[in-house]
Structures are given as C-alpha cells and as structure tokens.
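Read through the structure below, which is laid out as structure tokens, and then see the notes.
The values are calculated or read from the model by the stated rules, or taken from the named source; none is laboratory data. Quick caveat, the model's predicted, so the values are computed rather than measured. Here the Cβ positions follow ideal geometry from the backbone for every residue, glycine too, while neighbour counts run over all protein chains shown.
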Amino acid sequence: MNGRPLIIALDFPDGKEVGGFLKKLPDQKLYVKVGMELFYQEGPSIIDQLKSAGHDIFLDLKLHDIPQTVKQAMKGLAKLDVNLVNVHAAGGSAMMQAAIEGLEAGTRAGSKRPDCIAVTQLTSTSEAMLNHELLIGKGLNETVLHYAKLAYESGLDGIVCSSLEVPEIYQHLDRSFHTITPGIRLAEDSLNDQVRVATPEKARELGSTAIVVGRSITKAKDPLTAYLQMKNAWEGLPV
Ligand code: C5P
C-alpha cells in the first residue's frame with residue numbers, strides 16, 4: 001500500500017448514484033471502496049469506470065470458501081487490477097495462502113499484485129454471539145489478535161480492524177502489516193450504527209495505515225468540504 005490513504009466507502013446501490021456522488025468531488029484522485037452492494041449490481045464495469053477516472057480501488061468482497069475456490073476467484077479479481085482485496089480470516093491459513101496464490105497467478109505482467117487483507121471479526125459480532133452461537137469459547141479481543149497473527153503468518157498484507165485495536169496489533173506484529181480501520185467520525189458527526197469510533201487524528205495517533213470513511217462524507221450536505229476536512233485531519237494538516 002502506498003502511503004496512508006483515506007478510503008471512501010462507496011456504499012451506494014448502483015453506478016448512477018456513485019456517478020452523482022463523484023460529481024461532487026471534481027478533480028480529486030480518490031481511493032474508493034466498492035463493496036458487495038455495488039459490485040453485485042454493477043459487476044466489473046464499475047471497477048473499469050472508477051479506474052478510468054483515475055481512482056484507486058479497495059474491492060471489499062470478503063471472500064470465504066474452500067481454498068481452491070478462493071484461489072480461482074482471486075485469480076479473476078486480480079485481472080481487474082484493483083489495489084486491495086480481502087478475505088475472512090475465519091477461512092483459515094490454507095484459504096488465505098490460496099488467496100495470495102490466486103492473486104499472484106492472475107496479476108498481469110508488469111502490474112502489482114493487489115494487496116490482500118483479512119477481516120478478523122466483523123464489528124457486528126459480539127462476544128455473546130461468538131460464545132453462544134459460534135461456540136468459540138474465547139474473548140473477542142483474543143480472537144481478533146489470533147486471527148491477525150494467522151493472517152500475518154499466512155502471508156497477507158494486513159487486516160481490517162478498529163483503530164482502537166491497532167496499538168495492540170503492533171505490539172505483536174511489525175508495521176509492514178497494514179491496519180485498515182473503519183469506524184471514523186469527526187468529533188461533531190453522528191455515530192450512526194458504529195460503536196467503537198475514533199476521529200481521524202486519533203486513528204493516525206494510534207497508528208492506522210489507512211482509514212475507511214463512509215457516511216461522514218457520502219451523506220454530508222457538502223461532500224467535498226467533508227472530504228477535505230477529514231483528509232486534512234487524517235494527514236495532520238490544519239482543518
Ligand atoms: O458509513 P461508515 O463510515 O460507518 O462506513 C464504514 C464502512 O466500513 C462501511 O462500508 C462498512 O461496511 C465498513 N466496515 C465497517 N466495520 C468493519 C468492516 C467494514 O464499518 N469491521
């Protein structure tokens with residue numbers, strides 16, 4: 001991953017709404033996140049459009065299947081020439097290694113392999129759910145750290161986690177391992193459904209490699225001002 005980007009989550013239902021939103025951020029070279037909602041509607045064409053406009057892309061499809069299936073799927077995704085993709089660490093080390101093999105096999109000559117990061121635990125998973133539904137008798141933090149180490153040992157490039165978890169991750173893993181952190185809000189923003197949030201300044205101080213910001217920018221009255229304010233705060237510039 002180059003530098004420490006601010007990644008905008010394009011949580012929109014279709015390409016038309018994405019186009020309307022991007023018109024409000026003219027002349028900006030962005031790093032955007034395309035998730036299942038948008039990709040399952042628009043398919044690879046939305047990636048081509050965003051790339052033609054000069055944007056970097058995190059394709060957030062959270063793959064989780066048998067190793068061979070993930071390997072073949074990643075081989076296909078690498079051909080889209082995105083910058084970042086992801087899997088669920090719960091798929092295990094063989095699956096994560098297969099993801100990297102698939103990406104390497106699918107990356108075109110002369111292109112860089114997309115970075116691959118792991119989701120440790122979804123923020124929607126509570127400790128009670130972990131213990132009583134999934135029958136994992138460990139604490140949430142313990143499993144997040146264990147999955148992070150597993151991802152590291154499997155050759156992945158980083159994880160998605162809360163910025164509040166970042167200092168502990170770097171007590172155990174070196175800083176070449178990326179921490180991509182959603183749950184970012186400006187002090188005056190509404191939390192929506194996020195619980196463990198941090199401001200961009202705090203995320204930087206805690207050591208996040210990149211922040212993912214959705215509604216604070218996409219639902220702002222003036223998205224350009226909100227984006228620049230977030231970006232300056234994240235980069236340690238005057239807001
Ligand atoms: O609107 P908001 O800034 O909360 O959006 C955050 C983005 O990050 C959404 O696309 C959400 O799905 C994603 N995300 C998250 N927490 C995770 C993993 C992904 O909020 N643990």
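Checked against the criterion of being polar (S, T, N, Q), under 23 Å from Ala210 (Cβ atoms) and more than 16 Å from the ligand (Cβ to nearest atom), the stretch 153-161 has at least one qualifying residue.
Just one of the listed residues (Asp81, Asp27) is at positive phi and modelled with pLDDT under 95, and it is Asp27.
If you check Asp189, Asp222 for being within 11 Å of the ligand (Cβ to nearest atom), closer than 25 Å to Gln28 by Cβ and not polar (S, T, N, Q), only one passes: Asp189. In a residue-by-residue description of the stretch 166-184, the property of being buried (at least 18 other Cβ atoms within 10 Å of the Cβ), modelled with pLDDT of 95 or more, out of contact with any helix residue (DSSP H, G or I) (no Cβ under 7 Å at 6 or more places or on another chain) and of a type in the set (Lys, Arg) applies to no position.
The set of residues in the stretch 195-235 that are assigned to a loop (DSSP other than H, G, I, E, B) and buried (at least 17 other Cβ atoms within 10 Å of the Cβ) comprises Val197, Thr199, Ser208, Thr209, Gly214, Ala220. Picking from residues in the stretch 16-39 that are closer than 14 Å to Ser52 by Cα and among the charged types (D, E, K, R), the one that is nearest to the ligand (Cβ to nearest atom) is Lys29. Within the stretch 81-134, being among the hydroxyl-bearing types (Ser, Thr, Tyr) and in contact (Cβ under 8 Å) with a residue 12 or more places away in the chain holds for Ser93, Thr107, Ser111, Thr120, Thr123, Thr125, Ser126. Given the condition under 28 Å from Glu101 (Cα atoms), in contact with a strand residue (DSSP E or B) (Cβ under 8 Å, 6 or more places away or on another chain) and within 14 Å of the ligand (Cβ to nearest atom), answer yes or no: does some residue in the stretch 140-150 qualify? Within the stretch 140-150 (the criterion being under 28 Å from Glu101 (Cα atoms), in contact with a strand residue (DSSP E or B) (Cβ under 8 Å, 6 or more places away or on another chain) and within 14 Å of the ligand (Cβ to nearest atom)), the answer is yes, since at least one residue qualifies.
Please list, ordered by first then second residue, the pairs with beta carbon atoms under 9 Å, 6 or more apart or interchain, first in the stretch 1-14 and basic (Lys, Arg), second assigned to a loop (DSSP other than H, G, I, E, B). From residues that are basic (Lys, Arg), the pairs are Arg4/Ser208; Arg4/Thr209; Arg4/Glu235. Among the residues of the stretch 112-139, the ones that are more than 29 Å from Ala78 (Cα to Cα) and in contact with a strand residue (DSSP E or B) (Cβ under 9 Å, 6 or more places away or on another chain) come to 0 in all.
Determine, yes or no, whether Ser93 is out of contact with any Lys or Arg (no Cβ under 7 Å at 6 or more places or on another chain), at pLDDT below 95 and surrounded by fewer than 18 Cβ atoms within 10 Å (Cβ to Cβ). So Ser93 fails the test.
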